[in-house]
1. Using Cα pairs closer than 8 Å and at least 6 residues apart in sequence, work out the relative contact order for the stretch 127-172, in percent.
2. Report the semi-axes of the equivalent ellipsoid for the chain in whole Å, largest first, where each axis is √(5λ) for an eigenvalue λ of the Cα gyration tensor.
3. Could you give the dipole magnitude of the chain about its Cα centre, charging the beta-carbon of Lys and Arg +1 and that of Asp and Glu -1, in debye to the nearest 20?
4. Counting Lys and Arg as +1 and Asp and Glu as -1, what is the net charge of the other residues whose Cβ lies under 12 Å from the Cβ of residue 358?
5. I need the calculated FRET efficiency for the pair residue 242 and residue 333, taking r as the beta carbon distance and R₀ as 41 Å, to the nearest 0.05.
6. Largest first and in whole Å, give the semi-axes of the stretch 134-219's equivalent ellipsoid, each being the square root of 5 times a Cα gyration tensor eigenvalue.
7. Report relative contact order for the chain in percent, whole number only (criteria: Cα-Cα under 8 Å, sequence separation at least 6).
8. Can you tell me what percent of all Cα-Cα pairs in the stretch 145-187 are more than 11 Å apart?
Amino acid sequence: MKYGMIPFFIPHIGCPHVCTFCNQTRITERISIDYLTSGYIAKTIEEYTAQKDKEKYWEVCFYGGSFSAISIPLQEQLLQPAYEALQRGVIDGIRCSTRPDAVGDDALERLKDYGVSTVELGVQSMNDVVLHKARRGHTSDDVRRAVKQLRKHSMTVGLQILPGLLGDSWYTILETAIEIAKLQPDFVRIYPVLVIEHTELAQQYRSGVYKPLSVQESIAYCAFLKTWFEDHHIKVIRTGLQSTDELDCGDSLLAGPYEPAMGELVMNEQWRQRIESCFQNHLDSWYDDKKILHKYGNHYIQPIVIEYPRHMTSKVRGLKNCNVKYFDDRYKDVTFIWRENNDNNWPICIIDSIQYML
């Protein structure tokens, strides 16, 4: 069944701290939540669910801020129309995002009473030094306790990660990957850090204290994290911020690896790594000289064939054939043949007449 999201943004509401990277009003293009009346929420739900394609799993999503930390009357005002729609069968679920240190028993019981079944936690990092520098106001242990709490209340658990914070490195990214995998959340979102105007991070960037990731560094971090989580049976539902008019054309984005096609580029990078790993592992198993490619060239290595079903063409070949170009440039002594084969339901690599599933 297709998924239909009905999003409502509550920027900064409930947040006890101002994180160095955060200016949600610029990202979401919302300054006030006065418009979020019960009537507006009910009307918006009706408009979404009245679409011609009704065969969807419709979910109301409260994003931004720390939902479980806002005042109880405001929580109830926001949740009531969604809960009523859930009771009538108009929607199928409700989710919210919040902080790891704002999910006590009372807070979660209240959310459950109003039909909330999924909670996303803004984790950002599992390295305490990185969290401190970002002024998150919570620790990695708070994340562990929060996930345990959510499990106790039978909630679906999502975790949000921000690679590229001040103090991040491959070591801290690996630490975060390992610790998140231990928690086994139901899904993860990965948002490379952007430098947004009117934030402390913007000041740190201008003063030279903070250096943002390049797009290529961001792709490398995200590809590693996505592969790691998928290998640990954790679904990654998004990589990179969703495109908005403000990010695309406005003046809020100061620096950082903003790329509307980030998710596709990360997937391309994953396939590039799979192909290259397959290639190198084959050479290592067949030849003693690890540099056989450069030493012997085509004389000893047959053309390498990459086959893929049509629906995976852009994933394997890459955006604007970036993977094809990479292998042609990187391995000039080897011929790579890229071809569609709909008899296969998954890409394969053929080297020296041996087929490898990628």
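Read-outs: derived from the displayed coordinates by stated rules, not from any lab. Owing to the predicted nature of the structure, the values given are computational and were not obtained by experimental measurement. When we count neighbours, we look across all protein chains shown, and the Cβ atoms used for this are built from the backbone with ideal geometry, even at glycine.
1. Details: 22 pairs, mean separation 20.8, N = 46.
The normalised contact order for the stretch 127-172 reaches 45 percent.
2. Numbers: eigenvalues 344, 117, 75 Å².
They are 41, 24, 19 Å, listed largest first.
3. On the way: 40 positive and 46 negative charges, 52 e Å.
That gives a dipole near 260 debye.
4. On the way: positive: 272, 274, 315; negative: 276, 307.
Within the 12 Å Cβ shell, the charges total +1.
5. Details: r = 42 Å, r/R0 = 1.02.
With a Förster radius of 41 Å, E is 0.45.
6. Details: eigenvalues 152, 41, 27 Å².
Taking √(5λ) for each eigenvalue gives 28, 14, 12 Å, largest first.
7. On the way: 613 pairs, mean separation 44.4, N = 358.
Answer for the chain is 12 percent.
8. Working: 614 of 903 pairs.
Looking at the stretch 145-187, the distances longer than 11 Å represent 68 percent of pairs.
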